[in-house]
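Structure first, commentary second.
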Amino acid sequence: MFSKEKFQDFLAKLNTGYTPYVLILVHIMIGAIWVYSSPRSNVAFVVFISSLLTLYGLNTNKIFKLSAGLILALVVMPVLGVRNIFYLEIMFQISVFAALSLGLNIVIGFAGLLDLGYVAFYAVGAYLWGFFGSQQFYAIPYAPGIQPSDLPFLLPGDMFYLFIFIAIIVAALTGILLGLPVLRLRGDYLAIVTLGFGEVIRVLANNLDKPWNLTNGPQGITPVQRPTMPQFAVDGFNNFFGGIIGHTVSKADVYNVFFYLLALLVIVTIIQVVSRLNDSKIGRAWTAIREDETAAIAMGIPLVQMKLAAFATGASFAGAMGVLMAASRTFVSPESFSFMQSIGVLTMVILGGTGSIPGVILGAATVTVLNLQILQGFSLYLSQLRQSDAVIPIINFAWKNLSTQLDPAKYQRLLFGAILILMMIFRPAGLIPAARRQRELAADDEE
Amino acid sequence: MALLQAIDVTKRFGGLTAVNKMNFELKKGEIVSVIGPNGAGKTTFFNTLTGLYRPEEGKILFNGTSLIGLRPDQIAARGIARTFQNIRLFGNMSVIENVLVGMHFHLKQNMVSAILRFDSFKKEELEAEACAYELIKYVGIDTSLSNELAKNLPYGGQRRVEIARALAADPQLLLLDEPAAGMNPQETEEVTNLFRRIRDEKEITILLIEHDMRVVMRISERISVMDYGEKIAEGSPAQIRSNSHVIEAYLGRGAVAGQHEEMVK
Ligand SMILES: Nc1ncnc2c1ncn2[C@@H]1O[C@H](COP(=O)(O)OP(=O)(O)OP(=O)(O)O)[C@@H](O)[C@H]1O
Ligand SMILES: [Mg+2]
């Protein structure tokens with residue numbers, strides 16, 4: 001018989017000695033080779049990217065984890081990515097959403113403040129560079145659509161790097177500005193007010209094309225500059241990786257690699273910042289506030305100050321990622337900052353595990369992959385079926401009669417809703433529940 | 001000079017006057033109990049002292065300066081720490097983290113030093129951890145439970161963690177709201193001794209609300225009795241035991257004579 005204990009024994013055995021090393025390497029190899037040989041396969045990509053999970057979860061030493069992770073992120077991924085640029089796009093999006101989730105996680109997961117307008121801070125970052133990194137400054141007197149096309153750019157593209165830092169500060173200040181009046185509110189009230197704030201920012205972006213054209217309205221601002229990419233970087237990349245990639249990589253594709261790496265750098269920084277803050281009096285104060293506000297304030301924690309700190313820190317991550325997003329897209333528009341985006345990030349946090357750093361990253365990756373790959377893959381599959389003569393047996397339904405309204409890619413909301421409901425019922429603590437740090441305390445004097 | 005002085009403190013909830021013109025004084029180093037029937041206003045009085053409620057009238061002076069209008073965290077930083085009648089631990093934090101939270105305003109670290117992990121930060125964290133560990137031991141919790149989530153501890157253990165957390169703030173005055181509630185006789189005995197040690201060794205003044213008369217009579221140097229928001233009596237345990245107002249307030253309402261004996265024991 002196949003008993004649960006036996007299965008657990010088996011799993012434990014897989015996770016001791018050299019076995020996990022072998023498993024990880026095999027997983028990476030299979031994934032990488034598969035993606036390499038069929039660069040359009042969604043399944044291959046999911047197998048490949050889940051090797052990060054094996055790497056994270058299995059019991060190996062730190063040096064192995066780190067070096068395998070580095071090679072995966074810095075060599076394997078870029079190489080596979082330029083063979084199908086869509087993968088780099090997914091990785092970029094995962095990083096962006098992981099950053100947003102980590103930021104929202106500070107507010108919701110650590111401090112327990114339900115913020116439904118979080119995406120507003122992302123918009124602040126994006127529009128900041130969208131405005132200063134484009135021709136928009138000189139387009140202010142012109143209504144959308146009638147500005148001359150030969151306007152100069154306000155700032156050189158390389159100011160982008162500076163604006164990442166400026167966005168961190170501006171978004172943090174926006175967070176404080178929002179926080180000051182609303183942080184007296186608790187729970188549902190706070191959620192509603194932040195939801196409203198998120199919408200206000202979006203509506204502002206939508207309507208600030210008059211009386212002065214600051215945001216170019218619903219059309220959005222384009223082109224937004226990217227930092228310069230020197231030719232030697234493109235040549236260098238080609239010289240180094242050209243052999244395995246199999247074709248010359250264009251400058252546009254090297255930009256994709258560049259933004260992927262930059263997003264990775266930001267996300268690694270954010271992870272460090274979050275885990276260090278979490279393991280300090282600040283993180284403890286946040287969690288204390290989440291657990292019991294009254295007890296926290298009675299123990300000397302200044303509630304408003306600490307909540308503002310949570311809001312500001314969370315917002316700053318979104319601000320930085322906003323700049324990155326605006327530059328990588330060369331485009332910002334209000335629709336990227338809808339309420340659905342806030343809900344999407346919330347879904348990632350809840351799916352992964354509120355308060356859990358590895359959890360929310362996994363949540364961000366899962367939802368992004370589901371959204372961009374699985375749903376769209378289904379859409380593609382359905383539309384192929386529609387064009388074929390295939391028939392569903394028994395009920396005798398011809399696929400080509402299926403309404404074109406049925407497009408899984410449009411079922412994002414259903415997906416978010418289903419994830420939220422299922423998680424609440426079956427795993428409220430998330431895929432990787434938050435765990436408290438185990439301190440190695442001085443062994444007690446023998447008694 | 002009195003450590004704590006409450007003058008004509010009044011706290012109302014709508015039409016209900018929960019604390020009525022309460023006058024109260026506490027000297028440094030005392031152990032004083034506040035007793036009174038359910039709903040007498042004891043907890044409300046504590047809450048006004050610690051800034052959770054703002055009294056409608058009256059003055060509260062701590063070391064001669066007014067506490068009125070200060071936020072609870074500011075009052076905590078002035079040196080008043082407390083526990084709660086219905087235990088309010090941070091349930092999903094470990095025992096030692098609960099105690100560390102108590103040290104919040106003593107720790108000098110800030111966001112920058114925490115993110116950059118300066119040596120001063122690491123040193124401070126290690127010291128804080130060692131100190132928290134000592135406190136856990138001090139209040140009589142098995143130190144192997146340090147990493148356990150607070151909510152997983154038995155009731156008596158949770159009450160002790162709350163006391164350790166309050167001590168972590170290094171207060172001058174410790175307010176304990178029914179610290180022995182729900183404890184068995186042996187645990188009650190242990191915490192009673194703990195309170196005396198806290199006062200003797202750490203020189204912390206203690207004000208406690210307690211229904212368990214064995215604790216009150218054994219430990220208090222002075223007892224204040226509240227009923228309907230007012231102080232109806234004050235004095236040494238012997239005086240209180242024989243005070244007719246107290247007996248009436250406590251037992252008068254439909255009490256049988258036997259309970260009096262119980263109380264006096
Ligand atoms: N937040 C509040 N809002 C309204 N009424 C309150 C509030 N807190 C306490 N009360 C009321 O004030 C009165 C005093 O309550 P309090 O909790 O101070 O009594 P207590 O002496 O601590 O009683 P117990 O021994 O049961 O703990 C009670 O009538 C109570 O219902
Ligand atoms: Mg009470």
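The values are calculated or read from the model by the stated rules, or taken from the named source; none is laboratory data. None of the values given here were measured: they were computed from a predicted structure. Don't worry about glycine lacking a Cβ; one is built from the backbone with ideal geometry, like all the others, and counts go over all protein chains shown. SASA here: full protein model, heavy atoms, side chains in, ligands and nucleic acids out. Shrake-Rupley method; radii C 1.70, N 1.55, O 1.52, S 1.80 Å.
Please go through segment B:134-171 and pick out each residue that is in contact with a helix residue (DSSP H, G or I) (Cβ under 6 Å, 6 or more places away or on another chain), within 23 Å of B:A76 (Cβ to Cβ) and in a helix (DSSP H, G or I).
Scanning segment B:134-171 gives B:L135, B:I136, B:A150, B:V161, B:A164, B:R165, B:L167, B:A168.
Give me a count of the residues in segment B:172-185 that are in a loop (DSSP other than H, G, I, E, B) and buried (at least 22 other Cβ atoms within 10 Å of the Cβ). Give the derivation first.
From segment B:172-185, those in a loop (DSSP other than H, G, I, E, B) are B:172, B:178-184; that's our starting set.
Narrowing the set further to residues that are buried (at least 22 other Cβ atoms within 10 Å of the Cβ) leaves B:179-180.
Summing the residues that are in a loop (DSSP other than H, G, I, E, B) and buried (at least 22 other Cβ atoms within 10 Å of the Cβ) in segment B:172-185 gives 2.
Is it true that A:Q376 is outside the structural domain of A:R40 (by TED's automatic domain parsing), out of contact with any Leu (no Cβ under 9 Å at 6 or more places or on another chain), at pLDDT below 80 and over 30 Å from B:V112 (Cα atoms)?
Yes, satisfied.
Is there any pair with a first residue in segment B:27-44 that is under 23 Å from B:L61 (Cβ atoms) and a second that is near ligand 2 (Cβ under 8 Å from one of its atoms) and in a loop (DSSP other than H, G, I, E, B) whose Cβ atoms are under 6 Å apart and which are 6 or more apart or on different chains, and what are they?
Partner pairs satisfying both residue conditions: B:T43/B:Q85.
Name every residue in segment A:405-421 that is open to solvent by less than 70 Å² (accessible area, probe 1.4 Å) and charged (D, E, K, R), in order of residue number.
A:D407
What single numbered condition from (1) without any contact (Cβ under 8 Å) to a residue 24 or more places away in the chain; (2) within 16 Å of ligand 1 (Cβ to nearest atom); (3) charged (D, E, K, R) fails to hold for B:K122?
Evaluating B:K122 over (1) without any contact (Cβ under 8 Å) to a residue 24 or more places away in the chain; (2) within 16 Å of ligand 1 (Cβ to nearest atom); (3) charged (D, E, K, R) leaves (2) as the failure.
Inside segment A:61-105, can you point out the residues that are closer than 21 Å to A:Q272 by Cβ and not in a helix (DSSP H, G or I)?
Answer for segment A:61-105, where residues must be closer than 21 Å to A:Q272 by Cβ and not in a helix (DSSP H, G or I): just A:N61.
Could you grab me the full set of residues in segment B:16-57 that are more than 28 Å from B:V191 (Cα to Cα), near ligand 1 (Cβ under 10 Å from one of its atoms) and surrounded by fewer than 17 Cβ atoms within 10 Å (Cβ to Cβ)?
The one that is more than 28 Å from B:V191 (Cα to Cα), near ligand 1 (Cβ under 10 Å from one of its atoms) and surrounded by fewer than 17 Cβ atoms within 10 Å (Cβ to Cβ): B:L16.
Pick out, from segment B:19-110, the helices (runs of 4 or more DSSP H) lying fully within it that include 2 or more residues that are within 16 Å of ligand 2 (Cβ to nearest atom) and out of contact with any Leu (no Cβ under 6 Å at 6 or more places or on another chain).
By residue number, B:42-49.
Residues of segment B:58-110 being charged (D, E, K, R) and away from ligand 1 (no atom under 16 Å from the Cβ), which ones?
Residues of segment B:58-110 charged (D, E, K, R): B:59, B:71, B:73, B:78, B:82, B:88, B:97, B:108.
Hits for segment B:58-110 are B:K59, B:R71, B:D73, B:R78, B:E97, B:K108.
With the condition being hydroxyl-bearing (S, T, Y) and within 25 Å of the chain's Cα centre (by Cα), I'd like the helices (runs of 4 or more DSSP H) fully within segment A:133-230 carrying at least 2 qualifying residues.
A:159-182
Starting from residues that are acidic (D, E) and within 7 Å of another protein chain (Cβ to nearest Cβ), keep the ones in segment A:257-304 and report whichever is surrounded by the most Cβ atoms within 10 Å (Cβ to Cβ). Explain how you work it out, then say what you get.
Of segment A:257-304, the ones acidic (D, E) are A:279, A:291-293.
Of the ones still in play, those that are also within 7 Å of another protein chain (Cβ to nearest Cβ) are A:291-292.
Working: A:E291: 20, A:D292: 18.
Taking the candidates together, the pick is A:E291.
Please go through segment B:90-104 and give me each residue that is of a type in the set (A, V, I, L, M) and within 7 Å of chain A (Cβ to nearest Cβ), ordered by number.
Of everything in segment B:90-104, those that are of a type in the set (A, V, I, L, M) and within 7 Å of chain A (Cβ to nearest Cβ) turn out to be B:M93, B:I96, B:L100, B:V101.
Whether any residue in segment A:245-265 is closer than 22 Å to B:P171 by Cα, part of a helix (DSSP H, G or I), in contact with a Gly (Cβ under 7 Å, 6 or more places away or on another chain) and in contact (Cβ under 8 Å) with a residue 40 or more places away in the chain is what I want to check.
No, segment A:245-265 has no match at all.
Out of B:Q172, B:Q186, which single residue is among the polar types (S, T, N, Q), modelled with pLDDT of 90 or more and under 23 Å from A:M299 (Cα atoms)? Don't jump to the end; show me each part of the working.
On the way: B:Q186 fails: under 23 Å from A:M299 (Cα atoms).
Within the list B:Q172, B:Q186, the selection yields B:Q172.
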